[in-house]
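Written out below as structure tokens is the structure these notes cover.
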């Protein structure tokens, strides 16, 4: 999830230029101005509050993968409010269900902007393409989880990772696979999510940069295509690596089938599957399966993770398990939105949010990211640093595979492949 599978994809193709000028405002006579307790002529901003919308799939086929994201958002916002909000203003969140559907996503966004009057949106969904053009036209600040290429098209949309990009690939995955002894790879792409093909293209380039041959590609429809098609391709091409741009369940099913067929793998890697429930269902059958993350592994020891867990326990106690990737992603994207509000100044406007957050060069979500992000240059670009976790031989837990970079030496960092 960060690379969750998109069930229905609505591509937005318009490119919108947004103003970068910071729009100032004057405090009325008798107000305190710089304390943030004055009213500003900006939608969603009052004397003591800032209205923010949250759109996520509370129903529909995506509701399962995204079910914990709201807890992460609410915990981070509540933590900020407990510390005095932003500029003395509390952040008030109103949520809407986009039903896992692009058209419902547009309806939800319109309602929040035009009827509720929010300042900006958190789009924690895989169908944000439904409202992307509308929100860009109006210059609405958006932060969220990237599950579609549309996030790299509109500069009003902010994220901490861009798996879908038209920019260059990076060497990181290739280095990891080559270090594991991989030499011949099969790519497995989704038959129903065209965006997965773009991710596979970048991952294939990364593998080749490290001398790993890409010997085949298999189209796979979850719950429709049998894993035997991957087994046959791996056997025919003598592959010892599988890279799957699929859900964690699908990757686990494929790894289990390859093991049962007696095919020995040096690496089986995907962007999704860091989920302890998979260990309970598959156990040792998925030993060696790896997942790459832009966020830290929950096995890591860090002050940033401790602060995150404390926030979940304090402000979202209904989310009993903070060890869920989407909960953490919701927390980080809410933190990113807070950073944008802080960058917008004492009288926040939408234009000031956009230009202010795009000027940030060292965003790291309080230490929760594998690498600090330069928002001035990283728009729509793949991250160069990732954390890797691998299922242990007993299939009972995920082990961190240290790469020697980043906090605690855990991250694997590469460079962009130009040309």
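Only the coordinates and a few stated rules stand behind these numbers; no lab work does. Values in this document were obtained by computation on a predicted structure and should not be read as measured data. No Cβ is skipped: glycine too gets one built from the backbone with ideal geometry, and neighbour counts run over all protein chains shown.
Quick check: the angle from helix 69-82's long axis to the longest principal axis of the chain, C-alpha only, nearest 10 degrees?
It is inclined by approximately 40 degrees.
By counting other Cβ atoms within 10 Å of each Cβ, how are 79, 179 ranked from fewest to most?
So the ranking, lowest neighbour count to highest, is 179, 79.
Residues in the stretch 233-261 near a label at residue 223, defined as backbone nitrogen under 17 Å from the 7 Å Cα→Cβ point?
Label zone hits: 246-254.
Rg to Rh for the stretch 254-321: what is it, with Cα atoms only and Rh by Kirkwood?
Rg/Rh for the stretch 254-321 comes to 1.10.
Given an 8 Å cut-off on Cα distances and at least 6 residues of separation, report the relative contact order of the chain as a percent.
Computed over the chain, the figure is 21 percent.
Sorted from fewest to most neighbouring beta carbons within 10 Å, what does the list 298, 353 look like? Intermediate values should be presented prior to the final figure.
Values: 298 20, 353 28.
Listed from fewest to most nearby Cβ atoms, that is 298, 353.
Distance from the Cα centre of the stretch 305-322 to that of the stretch 65-88, in angstrom?
11 Å
Rank these for me by crowding, 67, 266, going from fewest to most other beta carbons within 10 Å.
Sorted ascending by nearby Cβ count, the order is 67, 266.
For helix 325-343, report the angle its Cα long axis makes with the longest principal axis of the Cα atoms of the chain; keep it between 0 and 90° and round to the nearest 10°.
30 degrees
Quick one: among 314, 253, 175, which has the greatest mean-square fluctuation in a GNM of the chain with alpha-carbon springs under 10 angstrom?
314
What is the spread of the Cα atoms of the chain along each of their three principal axes, largest first, in whole Å?
77, 42, 40
Please report, largest first and rounded to whole Å, the three semi-axes of the ellipsoid equivalent to the stretch 350-415, where each semi-axis is the square root of five times an eigenvalue of the C-alpha gyration tensor.
31, 12, 10
Sum -39500 (n - 2.57) across every DSSP H segment of at least 4 residues in the chain, then divide by the residue count to get the 222 nm mean residue ellipticity, nearest 500.
Only helices count here, giving -9000 deg cm²/dmol.
Using alpha carbons only, how many angstrom separate the centre of the stretch 145-195 from the centre of the stretch 350-367?
23 Å
Using just the Cα positions, wrap the stretch 184-231 in a convex hull and report its mean projected area in square nanometres, one decimal place.
Over all viewing directions, the stretch 184-231 projects a mean Cα-hull area of 3.2 nm².
Give me the three principal axis extents of the stretch 61-193 from the C-alpha atoms, as integers in angstrom, largest value leading.
55, 35, 29
Quick one: check the C-alpha center-to-center distance for the stretch 98-117 versus the stretch 282-301, whole angstrom.
35 Å
Can you check how the C-alpha radius of gyration of the stretch 301-419 compares to 2.2 N^0.38 Å, as a plain ratio?
So the Cα radius of gyration is 1.24 times the expected 2.2 N^0.38 Å.
Starting from 0 in steps of 10 Å, tell me what percent of the Cα-Cα pairs of the stretch 35-129 lands in each bin.
For the stretch 35-129, the binned pair fractions read 17, 43, 29, 10, 0 percent.
Which value, to two decimals, describes the C-alpha radius of gyration of the stretch 311-377 once divided by 2.2 N^0.38 Å?
So the Cα radius of gyration is 1.27 times the expected 2.2 N^0.38 Å.
Can you check what the Kirkwood hydrodynamic radius comes to for the stretch 176-296, Cα pairs only, in Å to one decimal?
14.1 Å
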